[in-house]
Amino acid sequence: MPYNYLMNKSIRKSSKIEVADSIVIFDEAHNIEKLAEESRSFEISLDNFEECKREFDVLSKGLFN
């Protein structure tokens, strides 16, 4: 199984693969760092970011004023 599948919780669950209390050895492990980084990253558009900031500003004014 490709290691990116093994590192994906939903794929492990659907494949009924349990890794708790196991030792897992990865071949070609030099690529795992990038995969781990990408799996916890996301992109947000500037428009969405600006809308979040506007909402935060409104909420913070209500909390701190």
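The values are calculated or read from the model by the stated rules, or taken from the named source; none is laboratory data. All values derive from a computational prediction rather than experimental measurement. All Cβ positions, glycine included, derive from the backbone under ideal geometry; neighbour counts span all protein chains shown.
Out of all the residues in region 27-65, which are within 20 Å of the chain's Cα centre (by Cα) and assigned to a loop (DSSP other than H, G, I, E, B)?
Arg40, Ser41, Phe42, Glu43, Ile44, Ser45
Inside region 15-32, can you point out the residues that are loosely packed, with under 10 Cβ neighbours inside 10 Å and modelled with pLDDT of 85 or more?
Listed by number, the residues that qualify are Lys16, Glu18, Ala20, Asp21, Ser22, Ile23, Val24, Ile25.
Would you please list the contacts, defined by Cβ atoms under 6 Å and residues six or more apart or on different chains, that run from a residue in region 4-17 that is free of Cβ contacts under 8 Å to residues at least 12 places away in the same chain and more than 14 Å from Glu33 (Cα to Cα) to a residue that is surrounded by fewer than 13 Cβ atoms within 10 Å (Cβ to Cβ) and β-branched (Val, Ile, Thr)?
none
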